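The values are calculated or read from the model by the stated rules, or taken from the named source; none is laboratory data. These numbers were taken from a predicted model, which means no experiment stands behind them. Reconstructed Cβ throughout: ideal geometry from the backbone, glycine too, with neighbour counts over all protein chains shown. Protein only, heavy atoms only, side chains kept; ligands, DNA and RNA dropped before computing areas. Shrake-Rupley method; radii C 1.70, N 1.55, O 1.52, S 1.80 Å.
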Amino acid sequence: MASETLTKEATQKKDEKETLKKVSIVISRGTLEGVYPGLIMANGARMEGIEANIFFTFFGLNAIHKKKMKKIKVDTVGNPALGIPPIVGIIPGLNRMVTKMFIKEMDKLDIPPIDEFLEMIAATGAKMYACKAAMDMFHYKREDLIDEVADVLTVGQFYEVAAGGEIIFT
Amino acid sequence: MPTKTIAGKTVEVDAEGFLVNPDDWNEDIAKELAKEEGINELTEMHWKVIHFMRQDYKERGQIPTIRRIKNAGGVPVQDLYKLFPDGPAKKAAKIAGLSKPQGCV
């Protein structure tokens, strides 16, 4: 009997399309290519009606730091995927040029610059949080961060916020 | 392509119910499609978004993104999520008689 019930349940489950309800995305890196995937995923989740949180930690905090957010760049040193010789990557100003190119290409796809993107994401109802340990480590204050940040959380509090959903680390 | 009768007009739709030909669209169809999406009444603000999307598509041949609806259409993101809950880009495109948006933003 029990197995019959189980089979029935399994069939029912198969018929229903599975959907994600909630995602919590950790952004831990402070380069352009480290920040954007998490932002696009969080925004994309909201576009699908999925609840979304973003937790900025370590150098990821730069993305929500009022002054540092404007200086985020593509990493041209030690990034073989760029396809340029490693020695070229260290040329002063190169990362600024590459970053400019990336931002231009992204703009063509209507992917906004970081400041506008964060405003948009906050407007979708996604919640943004900063990691307390990283804030303490870098000696950042709450007022150093953009107003859209909902709160500064310990890792324990982050898990409470993320409860019942998927966690994605980037 | 399957066909479907919406508001008394038989039109071609894709597997998810998006109109195949934007020219098949009319305001009565929009009202019906909105109901299917759980929006019982289209307000003036809804129509502003719908007409902007159709006009922009006509001019540029691309379904406008949320950012474009915000910047060029003048509708704040927050309002878009209120008007078309749980997926404004897709829902608004569907009601506007356009195909499913293919972009990631």
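For A:ALA162, the conditions (1) free of Cβ contacts under 8 Å to residues at least 12 places away in the same chain; (2) under 17 Å from A:ILE27 (Cβ atoms) are fulfilled apart from (1). Taking the criterion of being within 17 Å of A:ALA134 (Cβ to Cβ), hydroxyl-bearing (Ser, Thr, Tyr) and surrounded by fewer than 22 Cβ atoms within 10 Å (Cβ to Cβ), the residues of the stretch A:25-81 that qualify are A:SER28, A:THR31. Checked against (1) within 21 Å of A:PRO113 (Cα to Cα); (2) among the hydrophobic types (A, V, I, L, M, F, W, C); (3) modelled with pLDDT under 95, A:ILE91 passes all but a single condition, namely (1). Filter the stretch B:69-84 down to the residues that are under 24 Å from A:GLY38 (Cβ atoms), open to solvent by less than 60 Å² (accessible area, probe 1.4 Å) and of a type outside the set (Ser, Thr, Tyr), then identify the one that is nearest to the other protein chains (Cβ to nearest Cβ). Checked the stretch B:69-84; the qualifying residue nearest to the other protein chains (Cβ to nearest Cβ) is B:VAL77. Selection of the stretch B:27-41 for residues being touching a residue at least 24 places away in the same chain (Cβ under 8 Å) and either of a type outside the set (D, E, K, R) or open to solvent by less than 40 Å² (accessible area, probe 1.4 Å) (or both) yields B:ILE29, B:ALA30, B:LEU33, B:ALA34, B:GLY38, B:ILE39. For the stretch A:107-128, the candidate set comprises residues that are open to solvent by 30 Å² or more (accessible area, probe 1.4 Å), touching a residue at least 24 places away in the same chain (Cβ under 8 Å) and more than 9 Å from chain B (Cβ to nearest Cβ); within that set, the residue that is nearest to the chain's Cα centre (by Cα) is A:LYS127.
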